[in-house]
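Chemist: Have a look at the structure that comes next, please.
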Amino acid sequence: MELAVESLETPALTKAQLAELLFEHIGLNKRESKDMVDAFFDLIAGRLIEGHDVKISGFGNFQIRTKAPRPGRNPRTGELIPIRARRVVTFHASSKLKEQIQGEPPDA
């Protein structure tokens, strides 16, 4: 099933627009659509917070990476500022998604 998103007014696809697409194309009511989108993103965020990677077949991988502390610099003053260790989320697109973005036909 292909979902048409030509009616989007902003360049970004929002959660509200995803819920609207579910309502229009799947037939869920608006409340169910919003709840499903919220539950999907809550599940992804929860797994990442717990330190687990999230892999979505055909789309890509969200991974937690721990960055080491390092020295930083205030660009205005040039003053050295320590940057603490932190966890960040990285996203790596799947080869299938990369092919679709480049306009190449996916492997059959």
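The values are calculated or read from the model by the stated rules, or taken from the named source; none is laboratory data. Because the structure is a prediction, the values reported are computed rather than measured. In this analysis, Cβ positions are derived from the backbone assuming ideal geometry, glycine residues included, and neighbour counts consider all displayed protein chains. Accessible surface areas use protein heavy atoms only, side chains included; no ligands, DNA or RNA. Shrake-Rupley method; radii C 1.70, N 1.55, O 1.52, S 1.80 Å.
Chemist: Can you say whether Ser57 is under 23 Å from Leu22 (Cβ atoms) and surrounded by 10 or more Cβ atoms within 10 Å (Cβ to Cβ), as far as the supplied structure shows? Spell out the reasoning first.
Modeler: On the way: under 23 Å from Leu22 (Cβ atoms): yes; surrounded by 10 or more Cβ atoms within 10 Å (Cβ to Cβ): no.
It is false that Ser57 is under 23 Å from Leu22 (Cβ atoms) and surrounded by 10 or more Cβ atoms within 10 Å (Cβ to Cβ).
Chemist: Take Asp38 and tell me if it is closer than 28 Å to Arg87 by Cβ, open to solvent by 60 Å² or more (accessible area, probe 1.4 Å) and either at pLDDT below 90 or in a helix (DSSP H, G or I) (or both).
Modeler: Considered against the rule, which asks whether it is closer than 28 Å to Arg87 by Cβ, open to solvent by 60 Å² or more (accessible area, probe 1.4 Å) and either at pLDDT below 90 or in a helix (DSSP H, G or I) (or both), Asp38 comes out as no.
Chemist: Also, quick follow-up: Looking only at residues that are open to solvent by 80 Å² or more (accessible area, probe 1.4 Å) and assigned to a loop (DSSP other than H, G, I, E, B) in segment 4-31, which one is modelled with the lowest pLDDT?
Modeler: Out of the qualifying residues, it is Ser7.
Chemist: Another one. Any idea which of Leu43, Leu48 is aliphatic (A, V, I, L, M), open to solvent by less than 50 Å² (accessible area, probe 1.4 Å) and closer than 17 Å to Lys15 by Cβ?
Modeler: Being aliphatic (A, V, I, L, M), open to solvent by less than 50 Å² (accessible area, probe 1.4 Å) and closer than 17 Å to Lys15 by Cβ holds for just one of Leu43, Leu48, which is Leu48.
Residues checked against (1) under 26 Å from Phe41 (Cβ atoms); (2) of a type in the set (A, V, I, L, M); (3) out of contact with any helix residue (DSSP H, G or I) (no Cβ under 6 Å at 6 or more places or on another chain):
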position	(1), (2), (3)
Lys67	yes, no, yes
Arg73	no, no, yes
Gly78	no, no, yes
Pro82	no, no, yes
Ala85	no, yes, yes
Val88	yes, yes, yes
Lys96	yes, no, yes
Gln100	yes, no, yes
